[in-house]
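Quick one: the structure is below, and I'll ask about it shortly.
The values are calculated or read from the model by the stated rules, or taken from the named source; none is laboratory data. All values derive from a computational prediction rather than experimental measurement. Please note: Cβ atoms are built from the backbone with ideal geometry, for glycine as well, and neighbour counts cover all protein chains shown.
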Amino acid sequence: MFLNLFANLRGDIQSIIQRDPAARNGWEVLTCYPGLHAVIMHRWAHACWKLGLKWVGRFISYVARIITGIEIHPGATIGRRVFIDHGFGVVIGETAVVGDDCTIYQGVTLGGTTLVAGTKRHPTLQQGVIVGAGAQVLGAFTVGEYAKVGSNAVVIKPVPAGATAVGNPAHIIRKEDQARSAHLFAAYGVTPNGDDPLSKALRGLIDHVARQDEQIERLTNTMREAGLCCPKVAEGDKLDQEQLNRLVD
């Protein structure tokens, strides 16, 4: 078993070079990337865990945390070509599953929300998921293939395949076709033109109120022309549409 632990190392290094433009060559990745070191040491720890050497597995993961600043429980399942970029502060819990080709940035927690030992408590990231810096994915649910979790999002429910989740609590802002999403690597889970739906809703409300103001103004002008008494709206009470839209943006 231990002889096979390095079988996927070449693929791990190549995947990091593909996803990090700062990586100049394989030797630099092998010697200077703590995320890779954490994954390698986790493979040792996980092998011990599977063999029943629980304390040895925990000790290896403890040493890995001291060296890399990344804490991966030896019981967690980590797939191939997983890239933990920068990595400091990443925590991956005991029953978490991280699929092949996932990317996890610094400060991410894949945490559990229950205290029942022996049950699935942590999330499952399917293939190609990207989790941005500082995001918290909490609970025993699945983040679908090639989904993206934006930086500092707090995800407490499943994310569909190909979707992008942002915010606290996280909400879905867009859903790509899964085949297309598989070819769109988005650093830190940031999706181009992925407007927050709350911002869209607020802009829609602002535009609606602005149209209502215009209609009311036309109505009051018509009433005045008809000789009806109609008080004018003070300038300070009028809606400033441009200013409100700037605040939302």
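Out of GLY162, GLY144, GLY139, which single residue is touching a residue at least 12 places away in the same chain (Cβ under 8 Å) and either out of contact with any strand residue (DSSP E or B) (no Cβ under 9 Å at 6 or more places or on another chain) or more than 16 Å from ALA96 (Cα to Cα) (or both)?
After ruling out the rest, the residue left standing is GLY162.
Every residue, every condition in (1) assigned to a helix (DSSP H, G or I); (2) modelled with pLDDT of 70 or more; (3) in contact with a strand residue (DSSP E or B) (Cβ under 6 Å, 6 or more places away or on another chain); (4) among the charged types (D, E, K, R), yes or no:
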position: ASN193; (1), (2), (3), (4): no, no, no, no
position: ARG203; (1), (2), (3), (4): yes, yes, no, yes
position: VAL209; (1), (2), (3), (4): yes, yes, no, no
position: ASP213; (1), (2), (3), (4): yes, yes, no, yes
position: GLU217; (1), (2), (3), (4): yes, yes, no, yes
position: THR222; (1), (2), (3), (4): yes, yes, no, no
position: LYS232; (1), (2), (3), (4): no, no, no, yes
position: GLY236; (1), (2), (3), (4): yes, no, no, no
position: LEU239; (1), (2), (3), (4): no, no, no, no
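Got a number for residues in segment 71-116 being modelled with pLDDT under 95, in contact with a strand residue (DSSP E or B) (Cβ under 9 Å, 6 or more places away or on another chain) and among the β-branched types (Val, Ile, Thr)?
Summing the residues that are modelled with pLDDT under 95, in contact with a strand residue (DSSP E or B) (Cβ under 9 Å, 6 or more places away or on another chain) and among the β-branched types (Val, Ile, Thr) in segment 71-116 gives 1.
So which of ALA153, ALA186 is in contact with a strand residue (DSSP E or B) (Cβ under 8 Å, 6 or more places away or on another chain), at pLDDT 90 or above and in the same structural domain as THR109 (by TED's automatic domain parsing)?
ALA153
Take SER15 and tell me if it is closer than 25 Å to PRO123 by Cα, in contact with a Phe, Trp or Tyr (Cβ under 8 Å, 6 or more places away or on another chain) and among the polar types (S, T, N, Q).
When the stated conditions are applied, SER15 passes them.
Can you tell me which of (1) more than 28 Å from ALA22 (Cα to Cα); (2) surrounded by 24 or more Cβ atoms within 10 Å (Cβ to Cβ); (3) modelled with pLDDT under 95 is the one HIS171 doesn't meet?
(2)
Just one of LYS148, LYS120 is surrounded by fewer than 17 Cβ atoms within 10 Å (Cβ to Cβ) and either of a type outside the set (Ser, Thr, Tyr) or closer than 24 Å to ILE17 by Cβ (or both); which is it?
The conditions single out LYS120.
Is there any pair with a first residue in segment 98-109 that is at positive phi and a second that is among the β-branched types (Val, Ile, Thr) and modelled with pLDDT of 95 or more whose Cβ atoms are under 8 Å apart and which are 6 or more apart or on different chains, and what are they?
If the second residue must be among the β-branched types (Val, Ile, Thr) and modelled with pLDDT of 95 or more, the pairs left are ASP101/VAL82; GLY107/VAL90.
Sticking with this structure for a sec: When both residues are 6+ apart or on different chains and their Cβ atoms are under 6 Å apart, which pairs have a first residue that lies in segment 57-79 and is closer than 26 Å to GLY128 by Cβ and of a type in the set (Gly, Ala, Ser), and a second that is modelled with pLDDT under 95 and surrounded by fewer than 21 Cβ atoms within 10 Å (Cβ to Cβ)?
Final answer for the pair search is GLY69/PHE88.
Sticking with this one: Could you count how many residues in segment 98-157 are closer than 21 Å to HIS42 by Cα and among the basic types (Lys, Arg)?
Number satisfying all stated conditions: 2.
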